[in-house]
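Reviewing the structure listed below.
No value in this document is a laboratory result; all are computed from the given coordinates. This is a predicted model, so every value here is computed, not measured. Quick reminder, even Gly has a Cβ in these numbers, built from the backbone with ideal geometry, and neighbours come from all protein chains shown.
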Amino acid sequence: MQAEPLDSMPRATLSDSEYRQLADFRHRLRRYLHFSEAAAGKAGLTAQQYHALLALRAQRPEEATVGYVGRSLIIRQNSAAELVDRLVRQKLVRRRESAADRRRLELTVTARGTRILDRLARIHREELRRLASDRAVIPFLHELQGMAVLSALPHAGLQPARRPRA
């Protein structure tokens, strides 16, 4: 996933408030990621290994491949292959030949991997609930959704502001 060159992006003037919102969003995101890294470490995994297990568990079995891990984690194919090799050595993931295409290897999370993943997923879900219950988060999310910068990006997952009919 490549970022657009800065000179090809629209030139929007942001207010001080919008800069604060962006900075606050990045701070909250980094705090959550820091939490995630620490939780994974306590379970004996790297954050990347946890992300790979989560991605594989969420994917349909026939789509769970090394290529999918690479796309999900936004890493190169060879890095994804090395990551999967480590997960296989740790008995967290199993490779198997695809029934539909014997040239293709499908990945499944093992029972051991599932036990670790379940524990981590519950902890992460609780952390997200805790963050969502923070009184400052709800208005913050509404402010983010209303920002012209985000509403102009359909791929941001937010609904663009509706224009009144003329």
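General observations
- Least to most buried among T114, T65 (fewest other Cβ within 10 Å first): T114, T65
- When the stretch 18-147 is reduced to its Cα atoms, the Kirkwood hydrodynamic radius in Å: 16.3 Å
- Relative to its residue count, the stretch 9-77 spans a Cα convex hull of 128 Å³ per residue.
- Between I75 and any residue 5 or more places off or on another chain, the built amide H atoms are never under 5 Å apart.
- Of the trypsin sites (Lys or Arg not before Pro) found in the stretch 22-89, those that fall in a DSSP loop while having at most 16 other beta-carbon atoms within 10 Å are R76.
- Each of E63, E106 was scored by other Cβ atoms within 10 Å of its Cβ. Arranged with the fewest first, they read E63, E106.
- Amide hydrogen neighbours beyond the local backbone of T110, cut-off 5 Å, H modeled: V93, R94
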